[in-house]
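Throughout, read-outs are computed from the coordinates displayed, never taken from laboratory work. Keep in mind it's a predicted model, so treat the numbers as computed, not measured. Cβ placement follows ideal geometry from the backbone for every residue including glycine, while neighbour counts extend to all protein chains displayed.
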Amino acid sequence: MSSVIESHHDDHHHGPAKGLMRWLLTTNHKDIGTLYLWFSFAMFLIGGAMAMVIRAELFQPGMQIVEPEFYNQMLTLHGLIMVFGAVMPAFVGLANWLVPMMVGAPDMALPRLNNLSFWLLPFAFGILLSSLFMEGGAPNFGWTFYAPLSTTYAPPSVTFFIFSVHIMGASSIMGSINVIVTIMNMRAPGMDLMKMPLFVWSWLITAYLLIAVMPVLAGAVTMMLMDIHFGTSFFNAAGGGDPVLFQHIFWFFGHPEVYIMILPAFGIVSHIIETFSRKQLFGYSSMVWAMLSIAILSFVVWAHHMFTVGMPLAAELFFMWATMLIAVPTGVKVFNWVATMFKGSITYETPMLFAISFVVLFTIGGFSGLMLSIVPADFQYHDTYFVVAHFHYVLVPGSIFSIMAAVYYWIPKWTGNMYDERMGRLHFWLSFVGVNVTFFPQHWIGLAGMPRRYPDYALQFADWNMVSTAGAFLFGASQILFLFIVLKTVMGGKKATPQVWEGARGLEWSVESPAPYHTFSTPPKVN
Amino acid sequence: MNNSAKRTLKYLSFAVFGMFFFSFALVPLYDVFCEVTGLNGKISQSEEGISYESNTGRDLTIQFVSHNAEQMPWVFKPSEKIMKVKTGKYSNATFFVKNNTDKPMTARAVPSVAPSNANEYLKKLECFCFEEQFLAPGEEALLPVRFIFDSNMPESINNVALSYTIFDITNYNDMEMAHHDGR
């Protein structure tokens, strides 16, 4: 993207520095947003390659390609990298690019902190990935790192894992502080809270969630560290601790974390559906209230991840009902999106295709989540492929599709060039078919009893696993096409107008395309 | 950066540190919660409010279950696997342990009760699980547990399993064990 931004460096008092040091030292929100997005894309490909190893091994029953120990490492790193390395930094990158432009601010409130929070990430993930080459191998206890698997029985590299989680947590916390300070203090005059674009709202709520739960994750890994090295017994039954306590602390972080990965997607999809339906969004304020209630409820549902540990009936009922309650605000959002499209003059450009399929497939993932919230049913589904299908439906065609939709939607603003619409649609259809072929059959094999996390399985699951693997490779390959499309757009293409899309509204569309290196040095007027 | 931004920054930083300490506060909170609900065998040791009407007590079947934690070499088993007791009346049971290694060892037994709603009606006056057990090489012992079930226990509970898992904690405070030997 550098070529594009450089061509505009005379617009304002100074442009970006030249060479590598520009990226290392930059405090510009657009540069940092670009760094975040490229970093998350690299992690997406690495985590995706690990998913291919997993699916290749599961192509047939029996052990074919990798050792079970290595399979466990792939499973663990795939989860960690996709959650902390791909989805979260991608949303932070989008926030960096868009939040200041959407609220009419010249930059993020704390630009140097912004630089630091990005540059921590390569180190965090460098440490995590380097554990693959250590004696005893990489972490192998699953992305949820339940004690005592991750303490008493962990490979020595677990200490590196703990350190890298600390660093990535620090990065997320600093990023969220930056977002909140920017939104609370740097909005253009006239932009009241209830006039903010929904993406900004979604990120404000997400950032508060991050500040509330990332320190809890840091606490959990600190307790692990002390159990492993300093002789404490937080999670060690022999010393009076309790492994179930780990699960409670982890999911107290983990459930809000799930919404951290979907709330910004809600914001993105609202903008895209509004634009391509050429109508004002239906129910703006109910969208805001729905996100707020989802965020608050996310703190009182964590134990639905651990119904089978042996809780009192009253607790199981409470967590079941609280979980089901979340379907209400989520349903409000889905109906609002549908109502926005109703009687709109819709066109189906690539961002809209991704956004519509987000609404449909995320709803499928939401419904399977509702099924899992039913306590007696969960005893059956727990730790089967049904759970795998559920969370991949909300994360891949949920979060990831929304990120892709956002890239197609805003890349003309970032680079000044239109992407190749024909190739974009091809990418969408390949991804759409790939994702469904991969994950839909996993509902069935899960209901039939196939447990998750094993490198081998009983023969009756062979057919659908083969289909699932074929779908996974289709989905994986189509992301190479995505990389190609993005690179091609960065290099050139049809010039984009400032508004880019006919129905687009919002401050970011009022500046030229590509967005100048410095925007809104004087605050715009908002009416 | 203006003053209001500084204020926001300050309260967000407080929130971050607050939540970090809150995660540690969850540990005692969890213990308190377990004690109140009687989960995880964390039973209260006081006799307060217990009803001793031994005449009206009803029959109850107690099963004793013993587990060895991984790589715990001791012999550990209940003297009687099944015992008939009456609610509201004290009962005694014993567990046999033997250190069949050639090293002196220290162990700790961690209790658990099933079904968990029987927990609040169970009081243990004496239990080997209250303290660490030390045995010299080849030494054996009978470990006592003295308990009573409240006669107000719901009629639906007729069987209760008292389970104990014994852990080797010989090197527990020793850093080396905390690393790898404990596996």
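In a shell of Cβ-Cβ distance under 15 Å around A:Tyr385, excluding A:Tyr385 itself, what net charge do Lys and Arg (+1) and Asp and Glu (-1) give?
Details: positive: A:Arg55, A:Arg452, A:Arg453; negative: A:Glu57, A:Asp378, A:Asp383, A:Asp456, A:Asp463.
Overall, the nearby charge balance is -2.
What's the average, rounded to a whole number, of partner chain beta-carbon atoms within 10 Å of each residue's beta-carbon in A:208-219? Display every interim value, and only then the final one.
Working: counts 2, 0, 1, 6, 5, 2, 3, 9, 6, 3, 4, 9.
For this peptide, the per-residue mean of nearby foreign Cβ atoms is 4.
Taking other Cβ within 10 Å of each residue's Cβ, how do B:Tyr30, A:Tyr409, A:Tyr454 sort, fewest first? Walk me through the numbers on the way to the answer.
Values: B:Tyr30 18, A:Tyr409 26, A:Tyr454 13.
By the 10 Å Cβ count, ascending, the order reads A:Tyr454, B:Tyr30, A:Tyr409.
What number, rounded to the nearest 500 deg cm²/dmol, is the helix-based mean residue ellipticity at 222 nm of chain A, given -39500 (n - 2.57) per DSSP H run of at least four residues and division by all its residues? Walk me through the intermediate numbers first.
Details: 18 runs with 338 residues, N = 527.
The helix contribution divided over chain A gives -22000 deg cm²/dmol.
What nm value, rounded to one decimal, do you get for the distance between B:Phe134 and A:Leu487 when each label is placed 7 Å out toward the C-beta?
6.9
Along the Cα→Cβ direction, 7 angstrom out, place labels at A:Ile296 and A:Thr497. What is the inter-label distance in nm?
4.3
Express in nm, to one decimal, how much length is gained between A:Val338 and A:Val360 on full extension, taking 0.36 nm for each residue of separation and deducting their alpha carbon distance. The partial results should precede the final answer.
On the way: separation 22, 0.36 × 22 = 7.92 nm, distance 1.01 nm.
Stretched out fully, the A:Val338 to A:Val360 stretch lengthens by 6.9 nm.
Identify the chymotrypsin sites (Phe, Trp or Tyr not before Pro) of the stretch A:289-377 meeting these criteria: DSSP loop state and at most 12 other C-beta atoms within 10 Å of the C-beta.
Values: sites: A:Trp289, A:Phe299, A:Trp302, A:Phe307, A:Phe318, A:Phe319, A:Trp321, A:Phe335, A:Trp337, A:Phe342, A:Tyr348, A:Phe354, A:Phe358, A:Phe362, A:Phe367; in loops: A:Phe342, A:Tyr348.
When the chymotrypsin sites (Phe, Trp or Tyr not before Pro) of the stretch A:289-377 are filtered for loop state and at most 12 Cβ neighbours within 10 Å, A:Phe342, A:Tyr348 remain.
Taking DSSP loops as anything outside H, G, I, E and B, show the longest stretch in chain A free of GluC sites (Glu not before Pro) there with at most 13 other beta carbons within 10 Å. Intermediate values should be presented prior to the final figure.
Details: sites that count: A:Glu135, A:Glu502.
Between exposed loop sites, the widest span is A:136-501.
Take the alpha carbon atoms of the stretch A:326-393, find their center, do the same for the stretch A:438-481, and report the distance between the two centers in whole angstrom.
Cα centroid of the stretch A:326-393 versus Cα centroid of the stretch A:438-481: 20 Å apart.
Given A:Pro312, A:Ala170, A:Met134, which one lies farthest toward the positive end of the charge dipole of chain A, if we put +1 on the Cβ of every Lys and Arg and -1 on the Cβ of every Asp and Glu?
Of the options given, the answer is A:Ala170.
Please work out the Cα center distance from the stretch A:222-264 to the stretch A:57-119, rounded to the nearest Å.
21
Between A:Ser286 and B:Gln63, what FRET efficiency comes out of the Förster formula 1/(1 + (r/R0)^6) with R0 = 45 Å and r the beta carbon distance, rounded to 0.05? Before the final figure, lay out the partial values.
Working: r = 55 Å, r/R0 = 1.23.
Calculated transfer efficiency: 0.20.
So what are the ³J(HN,Hα) numbers for the stretch A:76-93, from phi and the Karplus equation (6.51, -1.76, 1.60; θ = phi - 60°), rounded to whole Hz, Gly and Pro as x?
Per-residue couplings from phi come out as 5, 5, 4, x, 5, 5, 5, 6, 8, x, 9, 5, 5, x, 5, 5, 5, x Hz.
Given points 7 Å out from each Cα along the Cα-Cβ axis, report the A:Tyr454 to A:His382 separation in nanometres with one decimal.
My value for the distance between the label points is 1.8 nm.
Take the residue pairs A:Lys279/A:Lys488; A:Lys30/A:Lys343; A:Lys413/A:Lys525 and return only those whose Cα atoms are more than 27 Å apart.
Working: A:Lys279/A:Lys488 31 Å; A:Lys30/A:Lys343 36 Å; A:Lys413/A:Lys525 20 Å.
With Cα atoms farther than 27 Å apart: A:Lys279/A:Lys488; A:Lys30/A:Lys343.
Which percentage, to the nearest 5, of the DSSP beta bridges contained in the protein assembly as shown is antiparallel? Before the final figure, lay out the partial values.
On the way: 35 of 43 bridges.
DSSP beta bridges in the protein assembly as shown are roughly 80 percent antiparallel.
Per residue of A:244-256, count partner chain C-beta atoms within 10 Å of its C-beta, then hand back the mean as an integer. Mind dumping the intermediate values first?
Numbers: counts 4, 7, 0, 0, 5, 5, 0, 0, 3, 2, 0, 0, 0.
Across the residues of A:244-256, the mean count of other-chain Cβ atoms within 10 Å is 2.
Which chymotrypsin sites (Phe, Trp or Tyr not before Pro) in the stretch A:115-185 sit in a loop by DSSP (not H, G, I, E or B) and have at most 15 other Cβ atoms within 10 Å of their own Cβ? All intermediate terms of the calculation are to be shown ahead of the outcome.
Details: sites: A:Phe118, A:Trp119, A:Phe123, A:Phe125, A:Phe133, A:Phe141, A:Trp143, A:Phe145, A:Tyr146, A:Tyr153, A:Phe160, A:Phe161, A:Phe163; in loops: A:Phe141, A:Trp143, A:Phe145, A:Tyr146, A:Tyr153.
In loop regions of the stretch A:115-185 (DSSP not H, G, I, E or B), the sparsely surrounded chymotrypsin sites (Phe, Trp or Tyr not before Pro) are A:Tyr153.
What's the FRET efficiency of B:Arg146 with A:Ala56 using the Cβ-Cβ distance as r and R₀ = 60 Å, to the nearest 0.05? Don't jump to the answer; show the numbers that get you there.
Values: r = 59 Å, r/R0 = 0.99.
Working from the Cβ atoms, E equals 0.50.
Name the long-range amide H neighbours of B:Ser79: under 5 Å, sequence gap of 5 or more, or other chain; modelled H, no Pro or chain starts.
Here the answer is B:Thr94, B:Phe95, B:Phe96, since their amide H atoms fall under 5 Å of that of B:Ser79.
Using Cβ counts within 10 Å as a stand-in for footprinting exposure, how do A:Ile127, A:Ile65 rank, fewest first? Working shown, then result.
On the way: A:Ile127 19, A:Ile65 14.
The order, fewest Cβ neighbours first, is A:Ile65, A:Ile127.
Which FRET efficiency, nearest 0.05, do B:Phe14 and A:Thr27 yield, Cβ-Cβ r, R0 30 Å?
Plugging the Cβ-Cβ distance into 1/(1 + (r/R0)^6) gives 0.75.
For the stretch B:66-96 and the stretch A:186-215, write down the distance between their C-alpha centroids in whole Å.
58
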